[in-house]
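Report on the structure given below.
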Amino acid sequence: MAAGIRFTRAAFAAVQRASPGLAARWAERLFCSPPRRAISERMAAWLAAGRRFDLTVGGRRVAAWSWGDRGPGVLIVHGWGSRGARFVDLGGALLASGFRVVTFDAPGHGVSSGRLSSGLEFARAALAVSAAVGAVSAVVGHSLGGFASALAIEQGLPVRRAVFISPSANVNTYSAQFASLLGVHDPVMASMRQRLERRLGFEWKRMDIPRFAPEMSIPLLVIHDREDREVRWDDGAAIANAWPDARLVTTTGLGHHRIVSDPGVIQQVLAFLK
């Protein structure tokens, strides 16, 4: 465990003993605070070649980009702590294959405003970006972006096909990891969940893809690596098993991050979307 995590865990334990209410508020902030990562020159050049447009979602500015004037549109949704530019390889391949490409930095990520974020806010941003560009025919989401894409589809995102790469199956997947890492007691986690439900206006139990997947009718491709250490392969398998028209592709040795830029994976995505 890194020194910074050990210090935060120790400090949180002290607060948790003294004031569970304060601990719940702190846990909520930590849970909803994505890490910020620098952008590479190659990613920056790709964004510069696109058309940037900003829109307001939930009172915050969301930065988005689009490439191409013709062909079916594909919306790409990044994962937690990432940004739209992360998909330079997949985006370039889609453009070369005749698709229009649209992506964005979720609230609290990249150059979009805010500090806090959540899967639900990812989904709301995806819906807003899609509406702004006149709808898209497909969505590709990675990690939390896959989870958020499923939420957006359930909420009416008008797409004909979807691809989830290394997706989380439900909010409990990463909240359990968070609780274990920080040492959050069950009553404090329950209080944190209630605070999030009130602030964002949702029901925690509904943040579960396998729960609503049987109602979905569009074809879905799920790609997940057996050795993924951040989101278990079981999550992707559970989604594919519950979604009526879904296919699961299992890779080995790509992990959670390299999978989005792997040439073989990109070819699988292109073949499915075509």
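The values are calculated or read from the model by the stated rules, or taken from the named source; none is laboratory data. Predicted, not measured: the structure shown is a model, and the values here were computed from it. Because the Cβ atoms are built from the backbone with ideal geometry, glycine has one as well, and the counts that use them run over all protein chains shown. These accessible areas exclude ligands, DNA and RNA; they are computed on the full protein's heavy atoms, side chains included. Shrake-Rupley method; radii C 1.70, N 1.55, O 1.52, S 1.80 Å.
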Matching residues in region 173-207 - criterion: being open to solvent by 40 Å² or more (accessible area, probe 1.4 Å) and outside any helix (DSSP H, G or I):
H185, G201, E203
Within region 102-135, residues being closer than 12 Å to V74 by Cα, assigned to a loop (DSSP other than H, G, I, E, B) and open to solvent by less than 10 Å² (accessible area, probe 1.4 Å) number 0
Scanning region 237-267 residue by residue, those open to solvent by 60 Å² or more (accessible area, probe 1.4 Å) and assigned to a helix (DSSP H, G or I) turn out to be N241, R258, P263, Q267
Within the set of pairs 6 or more residues apart or between chains, which connect a residue that is of a type outside the set (V, I, T) inside region 182-200 to a residue that is at pLDDT below 95 and open to solvent by 70 Å² or more (accessible area, probe 1.4 Å) with Cβ atoms less than 8 Å apart?
L182/R9; G183/R9; E197/E203
Check on L90, in contact with a helix residue (DSSP H, G or I) (Cβ under 9 Å, 6 or more places away or on another chain), open to solvent by 20 Å² or more (accessible area, probe 1.4 Å) and at pLDDT 95 or above:
no
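Suppose the filter is of a type in the set (K, R), surrounded by 15 or more Cβ atoms within 10 Å (Cβ to Cβ) and under 19 Å from E121 (Cβ atoms); does R36 pass it? First the steps, then the outcome.
Working: of a type in the set (K, R): yes; surrounded by 15 or more Cβ atoms within 10 Å (Cβ to Cβ): no; under 19 Å from E121 (Cβ atoms): yes.
So R36 fails the test.
Any residue in region 136-146 that is within 11 Å of the chain's Cα centre (by Cα), surrounded by 20 or more Cβ atoms within 10 Å (Cβ to Cβ) and either at pLDDT below 95 or part of a loop (DSSP other than H, G, I, E, B) (or both)?
Taking region 136-146 as the starting set, the residues that turn out to be within 11 Å of the chain's Cα centre (by Cα) are 140-146.
This time we only want the ones that are surrounded by 20 or more Cβ atoms within 10 Å (Cβ to Cβ), so: 140-146.
From what's left, either at pLDDT below 95 or part of a loop (DSSP other than H, G, I, E, B) (or both): 143.
Yes.
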State which residue pairs qualify: first residue under 14 Å from Y174 (Cα atoms) and inside region 222-245, second residue at pLDDT below 95 and in a helix (DSSP H, G or I) in any location, beta carbons under 8 Å apart, and separation of 6 or more residues or different chains.
V231/T173; V231/Y174; R232/T173; D235/T173
For R115, the lone unmet condition from (1) more than 24 Å from L95 (Cβ to Cβ); (2) touching a strand residue (DSSP E or B) at 6+ places or on another chain (Cβ under 7 Å); (3) of a type in the set (D, E, K, R) is (2)
Can you tell me which residues in region 126-152 are more than 19 Å from L90 (Cβ to Cβ) and of a type in the set (A, V, I, L, M)?
L127, A128, A131, A132, A135, L151
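With respect to M216, is the statement that it is modelled with pLDDT under 95, surrounded by 18 or more Cβ atoms within 10 Å (Cβ to Cβ) and not β-branched (V, I, T) true?
On the way: modelled with pLDDT under 95: no; surrounded by 18 or more Cβ atoms within 10 Å (Cβ to Cβ): yes; not β-branched (V, I, T): yes.
The answer is no for M216.
From the list A24, A18, which one is open to solvent by 60 Å² or more (accessible area, probe 1.4 Å), out of contact with any Asp or Glu (no Cβ under 9 Å at 6 or more places or on another chain), under 30 Å from S191 (Cα atoms) and not polar (S, T, N, Q)?
Numbers: A24 fails: open to solvent by 60 Å² or more (accessible area, probe 1.4 Å).
None of the other options fit; the residue is A18.
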